[in-house]
1. Taking segment 34-48, which residues are of a type outside the set (S, T, N, Q) and closer than 16 Å to Gln58 by Cβ?
2. Can you tell me which of Lys31, Lys37 is basic (Lys, Arg) and surrounded by 10 or more Cβ atoms within 10 Å (Cβ to Cβ)?
3. State whether one or more residues within segment 85-97 are of a type outside the set (Lys, Arg) and without any contact (Cβ under 8 Å) to a residue 40 or more places away in the chain.
4. How many of the residues making up segment 4-26 are surrounded by 10 or more Cβ atoms within 10 Å (Cβ to Cβ) and touching a strand residue (DSSP E or B) at 6+ places or on another chain (Cβ under 6 Å)?
5. Just to be sure I understand, how many residues within segment 1-47 are within 29 Å of Ile71 (Cβ to Cβ), charged (D, E, K, R) and in a loop (DSSP other than H, G, I, E, B)?
6. Taking only pairs six or more apart or across chains, which ones have beta-carbon atoms under 7 Å, a first residue in segment 54-65 that is farther than 12 Å from Pro78 by Cβ, and a second residue that is among the small types (Gly, Ala, Ser) and exposed (fewer than 14 other Cβ atoms within 10 Å of the Cβ)?
Amino acid sequence: MQPGEMRKGRLEPEEGEFGIRRSDLLQEIPKNKFSNKIEPKVGLVLSMNVETAGVAHQIPATIVELKDESIIIDYNHPLAGHPLNYEITVLEIKDKD
């Protein structure tokens with residue numbers, strides 16, 4: 001490619017950074033485990049505390065379903081399962097020196 005040239009590309013979910021959607025990353029949590037400060041709505045992104053190998057992390061999780069007594073949350077990245085389309089334009093090429 002030369003300066004000013006543009007190319008488009010596409011990565012399928014299996015090839016991209018976010019991967020495929022994983023059903024094991026869905027979790028059903030009783031509503032009584034949530035704070036009264038939060039009004040659960042489908043699409044709401046929560047910051048959830050999880051522990052992995054003894055280390056606590058905060059990760060985003062999206063509410064995907066509301067049931068009478070529980071909430072289904074999804075820990076998949078929002079782009080998981082989607083192809084990634086990108087566009088690259090070369091602005092300039094510099095010498096190693």
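Coordinate-derived values only; no laboratory data. In this text the structure is predicted, and so the values were computed from the model without any measurement. Positions of Cβ are backbone-derived with ideal geometry, glycine not excepted, and every protein chain shown enters the neighbour counts.
1. Initial filter on segment 34-48 (of a type outside the set (S, T, N, Q)): 34, 37-46, 48.
Correct list: Phe34, Ile38, Leu44, Val45, Leu46, Met48.
2. Only one candidate qualifies: Lys31.
3. Yes.
4. Count: 5.
5. Residues flagged as within 29 Å of Ile71 (Cβ to Cβ), charged (D, E, K, R) and in a loop (DSSP other than H, G, I, E, B) within segment 1-47 amount to 6.
6. Short answer, once both residue conditions are applied: Gln58/Ser47; Ile63/Gly43.
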